[in-house]
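Throughout, read-outs are computed from the coordinates displayed, never taken from laboratory work. Only a predicted model underlies this, so the values are computations on that prediction, with no experimental measurement involved. Because the Cβ atoms are built from the backbone with ideal geometry, glycine has one as well, and the counts that use them run over all protein chains shown.
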Amino acid sequence: MAQIRAPEAHTITGGSPSVVVGDIDTGLDFTHPDIAPNYDAANSIDCSSGAPTPLLPGNDEVGHGTHTAGTIAAAANGIGIIGVAPNVKMAGIKAGDANNLFFPEAVICSFYWAGSHRLDVTNNSYFADPWRLNCRNDAEQRAIWQAERRAIRYAQSRGVTVVASMGNEFDDLAHPAVDESSPDFPPGSADTRDVTNACATVPVEVPGVIGVAADGNLRQKSLYSNYGVGIVQVVAPGGDSLFQVTAAAPNGRVLSTWPANVPCARKVVDPSGATYCYLQGTSMAAPHVAGVAALIISRFGKMSPGRVQAYVTQTADPLPCPPNPFLFPDWPRPSGDPQTCEGGTGYNAFYGHGEVDALNAVLHASVP
């Protein structure tokens, strides 16, 4: 939060309870004491079956959705953590199953729900399974791409700003060459295949989506984070436990809310009894940006998703490319090529327009 100047932004606005963020994820522990004050039951739903059903207690069997939700909007209530936008409302939209898989019918249901309920922002810290990269020269994968893109466009047309994580495969999504993990269902069916930039990750590569890469506390791209010119819009803290451990980030990871009954390797229990967990990933980066988008709408009023994106990108702190090859020569792309950064300080493949800045975003009353 300090890294993106959220505490300073909160002196101007902590968000408005009239603004609703939908967290499309593995579910939401809405009983968590840092989530419950901002929980919006009326706009929450379970879409994991492909059809909307009520979101029931204990729905987040993985913990991932509760973690991302806390980064967005954990309440400023004197315990645990404080989210980027601690006064906005949070709707849980369950699309991921107990195996953390997000199938097309669940993703499509989620975006139609978000659009029909005119939510302000959705956070999307996943890629739509079973294909990490949907190749549009294949009939099945093209059908998935078209259906999910249609659902996302519907949500955007209803005023929903869509934020998505870039993924954790060390890959340049603008120049993919190898996909080693698809299809990831049924289990054991994945095989290495050659791909081109005709193959795209959903939702981050759908037009109009704000793509978010991850950095660590030294403001360098995280070891694992995907990147790519034209796809990444901004970077935000996702953690880096190998190369960016600092006094401010002693294990290099991001702390957020967690269901008490779900295992976590790095669990923290607050004196109040509330449970938290340290994780890293672009999944942790995207909700920082979703929270900033919610602050922007709270401060300046409802606006088009394109205008929200302009606020986010034009108020980000520009970061130059690091020297190439990048810090991690032992962790190349799936193709075996080194991770390399293209572009200048104003925009590049690793950081997009720069690191998201909550204070800048709420200070600027107009963006050209």
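If you bin the C-alpha pair distances of the stretch 153-298 every 10 Å from 0, what whole percents do you get? Going from the shortest bin to the longest, the percentages are 11, 32, 35, 19, 3, 0. Highest mobility in the GNM of the chain, judged by mean-square fluctuation with C-alpha springs under 10 Å and restricted to Gly346, Gly291, Gly211, is found for Gly346. May I ask you to derive the relative contact order of the stretch 45-192, considering only C-alpha pairs under 8 Å and at least 6 residues apart, and to give it as an integer percent? Once normalised by length, the contact order is 21 percent. Under the shape rule built on the C-alpha gyration tensor, where the axes satisfy a ≥ b ≥ c, the stretch 52-174 is prolate, since a/c reaches at least 1.5 and a/b is greater than b/c. Between Arg153 and Cys264, the modelled label-to-label distance comes to 4.0 nm, taking each label 7 Å out from Cα in the direction of the beta carbon.
Show the residues, 5+ positions off or on another chain, whose built amide H is closer than 5 Å to the amide H of Ala200. For Ala200, the qualifying residues are Asn134, Cys135, Arg136. Would you list which aspartates and glutamates come within 20 Å of Lys302, measuring only between C-alpha atoms, while excluding same-chain residues fewer than 8 positions from it? Within the straight-line cut-off, Lys302 pairs with Asp23, Asp40, Asp120, Asp357. Dividing the convex hull volume of the alpha-carbon atoms in the stretch 239-340 by its residue count gives 191 Å³ per residue.
For the chain, relative contact order (Cα pairs under 8 Å, six or more residues apart, normalised by length) works out to 19 percent.
Please sort 11-20, 74-83 by packing, taking for each peptide the average over its residues of neighbouring beta carbons within 10 angstrom, highest first.
On the way: 11-20: 18.2, 74-83: 20.4.
Highest-to-lowest ranking by the protection proxy: 74-83, 11-20.
Put simply, the amide H of Tyr224, placed in the peptide plane, has no neighbours under 5 Å, leaving out anything fewer than 5 places away on its chain.
Which order do the peptides 64-71, 297-304, 53-60 come out in when sorted by mean C-beta neighbours inside 10 angstrom, highest first? Numbers along the way, then the final one.
Values: 64-71: 30.4, 297-304: 17.0, 53-60: 15.0.
In descending order of packing, they fall as 64-71, 297-304, 53-60.
Amide H contacts of Glu355 (H built 1.01 Å from N, in plane; Pro and chain starts excluded): Val235, Asp317, Leu319 sit under 5 Å, all sequence-distant by 5 or more or on other chains.
Per-residue Karplus couplings for the stretch 255-270, computed as 6.51 cos²θ - 1.76 cosθ + 1.60 with θ equal to phi - 60°, are listed in order as 8, 7, 5, 7, x, 4, 9, 9, x, 8, 5, 10, 7, 10, 10, 5 Hz, Gly and Pro entered as x.
How long is the gain from Asp194 to Ala139 if the chain were fully straight, where each residue apart is worth 0.36 nm and the alpha carbon distance is subtracted?
On the way: separation 55, 0.36 × 55 = 19.80 nm, distance 1.68 nm.
Extra length from Asp194 to Ala139 when fully extended: 18.1 nm.
Each residue of the stretch 150-164 was assigned a 3J(HN,Hα) from its phi angle through the Karplus expression (A = 6.51, B = -1.76, C = 1.60, θ = phi - 60°), giving 4, 5, 5, 4, 4, 4, 4, 5, 9, x, 8, 7, 9, 10, 9 Hz with x at Gly and Pro.
Residue separation times 0.36 nm, minus the C-alpha to C-alpha distance between Ile79 and Asn251: what's the value? Provide the component values of the computation, followed by the final result.
On the way: separation 172, 0.36 × 172 = 61.92 nm, distance 2.09 nm.
Here the segment from Ile79 to Asn251 would lengthen by 59.8 nm.
For the pair the stretch 81-123 and the stretch 171-234, the centres of their Cα atoms are 20 angstrom apart. Peptides 178-190, 22-34 ranked from most to least packed give 22-34, 178-190, packing being the mean of other C-beta atoms within 10 angstrom over each peptide's residues. Extension gain for Thr31-Ala310 works out to 97.0 nm (0.36 nm per residue, less the C-alpha to C-alpha distance).
By definition, a body whose alpha carbon gyration tensor gives a ≥ b ≥ c is oblate when a/c is 1.5 or more and a/b is not larger than b/c, and the stretch 18-60 fits this oblate description. Whole-Hz Karplus values for the stretch 77-82 come out as 10, x, 10, x, 10, 10 Hz, taken residue by residue from phi with 6.51 cos²θ - 1.76 cosθ + 1.60 and θ = phi - 60°; glycine and proline positions read x. If you model the stretch 246-290 as an ellipsoid using its alpha carbon gyration tensor, with each semi-axis the square root of five times an eigenvalue, the axes come out at 19, 14, 10 Å, biggest first. List the residues of the stretch 36-72 whose backbone N lies under 11 Å from a point placed 7 Å from the Cα of Glu105 along the Cα-to-Cβ direction. Correct set: 48-52. This model, with +1 at the C-beta of Lys and Arg and -1 at the C-beta of Asp and Glu, gives the stretch 105-258 a dipole about its Cα centre of some 640 debye.
Helix-only mean residue ellipticity at 222 nm, the chain, DSSP H runs n ≥ 4 weighted -39,500 (n - 2.57), per residue, nearest 500. What is it? Each step should come with its number before you reach the end.
Working: 7 runs with 82 residues, N = 368.
For the chain, the value works out to -7000 deg cm²/dmol.
Since only Ile81, Leu279, Val308 are under comparison, the one whose Cα sits farthest along the positive direction of the charge dipole of the chain, derived from C-beta charges on Lys, Arg, Asp and Glu, is Val308.
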